[in-house]
Amino acid sequence: MGMTVSGKAVEFEQVDALNISKVRSLNSVLFPVHYSSGFYKSLTQGGQFAQLCTFQGKYVGTIACRRQRLGFADTPAVGGGGGGGGGFHGLHTSAVAVPEAYELYMMTLGVLAPYRRLGIGQMLLANAVSAAEQDPLIRRIVLHVKIDNDDALRFYHKHGFATIRLVERYYKNIEPPHAYLLEYRLR
């Protein structure tokens, strides 16, 4: 799927085993957390929405989301985002009933600094929203944002997300460790 920014090509591709190393490279620059190899492996499996973005042939952005039981992000035990995958689990196990409603949890969304404010992050977000809207069982999109990440908070609020609550001690080994839980209602 291609688009343009200022007449220059912007391309999006699904994350797979062949390009997962590009996601790992981008994440190491974009985020203050270290994601486990299990996190990266999961991005190529079902129940995920993960894309890479190129601008003029260079990888400049990425987004990774997972479909999970509605309300899972509201569970205090989910904290510990930041790296080890905190609360990152498969969608179904034999001991768990299949839920009737889901949420799309946005684990990462980032664009390299020189390419910000070109609309690339907005395009990545729009692709995730569009994917979520196509699944009638997904009720909302949720994510955690570090309390001192004013740029991210402005970005998400500008695009229709609301701050739901403060989650204290969400991050491990990062200061400040607190995050806001944000929500975008689909239905």
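Some observations on this one:
- Consider region 122-154 and keep the residues that are over 20 Å from residue 102 (Cβ atoms) and part of a strand (DSSP E or B). The one that is least open to solvent (accessible area, probe 1.4 Å) is 145.
- Residues in region 99-121 that are under 16 Å from residue 57 (Cα atoms) and in a strand (DSSP E or B): 111 alone.
- Scan region 18-34 for residues that are at pLDDT 95 or above and either assigned to a loop (DSSP other than H, G, I, E, B) or of a type in the set (A, V, I, L, M, F, W, C) (or both) and the total you get is 7.
- Selected residue (criterion: surrounded by the most Cβ atoms within 10 Å (Cβ to Cβ)) from residues of region 50-75 that are under 21 Å from residue 133 (Cα atoms) and of a type in the set (Lys, Arg): 66
- Extreme residue, surrounded by the most Cβ atoms within 10 Å (Cβ to Cβ), among residues of region 155-164 that are among the hydrophobic types (A, V, I, L, M, F, W, C) and outside any helix (DSSP H, G or I): 161
- Residue count for region 105-152, restricted to those that are closer than 17 Å to residue 71 by Cβ and touching a Gly at 6+ places or on another chain (Cβ under 7 Å): 1.
- Verdict on residue 47 being open to solvent by less than 20 Å² (accessible area, probe 1.4 Å), more than 19 Å from residue 182 (Cα to Cα) and within 15 Å of the chain's Cα centre (by Cα): no
- Scanning region 165-181 for residues that are part of a strand (DSSP E or B), in contact (Cβ under 8 Å) with a residue 40 or more places away in the chain and of a type in the set (A, V, I, L, M) yields 167, 179, 181.
The values are calculated or read from the model by the stated rules, or taken from the named source; none is laboratory data. As the structure is a computational prediction, the values presented were derived from the model and not from experiment. So basically every Cβ, Gly included, is an ideal-geometry build from the backbone, and we count neighbours across all protein chains shown. We work out accessible area using only protein heavy atoms, side chains counted, and drop any ligands, DNA or RNA first. Shrake-Rupley method; radii C 1.70, N 1.55, O 1.52, S 1.80 Å.
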